[in-house]
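The values are calculated or read from the model by the stated rules, or taken from the named source; none is laboratory data. The structure displayed is predicted, hence computed values, not measured ones. Counting neighbours? That spans all protein chains shown, and the Cβs are built from the backbone with ideal geometry, glycine included.
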Amino acid sequence: MPENFLYEQAAAVATITFNRPERRNCMTREVMLEFEQLVHRVRDTPEIRVLIVTGTGTAFSAGANVAGAKGITDPRERARIFAADNKGLPRIIGRIFDTVLRLDALTIGAVNGYAVGGGWALAAAMDFVIAAESAEFWLPEVELGAPFVGGPAEVIARRVGPWRAKEIMILCRHYMARDLLAMGMVNQVVRPDELLEAARALAADLIKLPRGASIATKHVIDGVSIGPRLY
């Protein structure tokens, strides 16, 4: 049984829920290796046609652990501590990001709260994103002295264009759900108490469609919008 997640399969729909609300569903190496196993479970279960990913509490995922770097003013020391606290995590997140993009299932990010760093990267890998109106998104890596690079950076840049991507990744701007709706990075914004209902309604619409046609179309769109499978 998962320690840091809730996992549910109802017919053709699987739901993975981050379940560390006391830590704002932050990502550690152990947590994300467990998440990767659950994504592989979805990948290897042919009857699953839709995956919903969401979180408990106030966060979808607050990303990597930044506690050790807080309050450190020297940027080099801040970067050193952040890298040490999260050793190997960017590689794991990138690998998961790639697996999610390649799934022969349709994916829905139901963003219930903070989506920070790797949390926003994970949401950006989804085919559809529905966000609670209280959800907040930002990428703090550059402020912490770490570059935001790899597959997630490339995909976000391709989706929003270079100027907006620099604002997001270099200036580390904070965005509310409706800001991202206007930018085309969120499909729908709903009240927090309507989030899972909206995600499940979308899943129900998706599983009515011919599977082969919908998945082939997904991969064509991704090939055009984010380029070939490079990751």
- Query: Among all residue pairs at least 6 apart or on different chains, which show Cβ distances below 9 Å where the first residue, located in region 201-214, is in contact (Cβ under 8 Å) with a residue 60 or more places away in the chain and more than 15 Å from residue 110 (Cβ to Cβ) and the second is of a type in the set (Phe, Trp, Tyr) and loosely packed, with under 10 Cβ neighbours inside 10 Å?
  - Reply: none
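Taking into account only those residues within region 119-147 that are of a type in the set (Asp, Glu) and closer than 23 Å to residue 204 by Cβ, which is surrounded by the fewest Cβ atoms within 10 Å (Cβ to Cβ)? Lay out the reasoning, then the answer.
Let us first name the residues in region 119-147 that are of a type in the set (Asp, Glu), namely 127, 133, 136, 141, 143.
Narrowing the set further to residues that are closer than 23 Å to residue 204 by Cβ leaves 127, 133.
Details: 127: 22, 133: 14.
Looking at residues that are of a type in the set (Asp, Glu) and closer than 23 Å to residue 204 by Cβ, I get 133.
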- Message: I'd like to verify a number: residues in region 95-127 that are of a type outside the set (A, V, I, L, M, F, W, C) and within 16 Å of residue 189 (Cα to Cα), how many?
- Response: 5
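Residues checked against (1) at pLDDT below 95; (2) in contact with a strand residue (DSSP E or B) (Cβ under 8 Å, 6 or more places away or on another chain); (3) over 22 Å from residue 89 (Cβ atoms); (4) hydrophobic (A, V, I, L, M, F, W, C):
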residue	(1), (2), (3), (4)
137	no, yes, no, yes
142	yes, no, no, yes
159	yes, no, yes, no
177	no, yes, yes, yes
181	no, yes, yes, yes
195	no, yes, yes, yes
- Note on the structure: Selection from region 16-36 of residues in contact with a Ser or Thr (Cβ under 7 Å, 6 or more places away or on another chain) and part of a strand (DSSP E or B) yields 17, 18, 27
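For region 159-195, name all the residues that are β-branched (Val, Ile, Thr), over 19 Å from residue 114 (Cβ atoms) and assigned to a helix (DSSP H, G or I).
At the first step, the residues of region 159-195 found to be β-branched (Val, Ile, Thr) are 160, 168, 170, 186, 189-190.
Then keep just the ones that are over 19 Å from residue 114 (Cβ atoms); that gives 160, 170.
Once the filter is applied, which keeps residues that are β-branched (Val, Ile, Thr), over 19 Å from residue 114 (Cβ atoms) and assigned to a helix (DSSP H, G or I), region 159-195 yields only 160.
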- Failed condition for residue 82, given (1) in a helix (DSSP H, G or I); (2) at pLDDT 95 or above; (3) crowded, with 18+ Cβ neighbours inside 10 Å; (4) of a type in the set (A, V, I, L, M, F, W, C), with all others met? (2)
- Any residue in region 173-195 that's aromatic (Phe, Trp, Tyr): show its pairings with residues that are part of a strand (DSSP E or B) at Cβ separation under 8 Å, as long as the two are six or more apart or on different chains. 175/136; 175/137; 175/138
- Scan region 44-62 for residues that are surrounded by 17 or more Cβ atoms within 10 Å (Cβ to Cβ) and farther than 21 Å from residue 133 by Cα and jot them down. 48, 49, 50, 51
- Pick from region 8-67, criterion of a type in the set (S, T, N, Q) and in contact with a helix residue (DSSP H, G or I) (Cβ under 6 Å, 6 or more places away or on another chain), ranking: modelled with the lowest pLDDT: 65
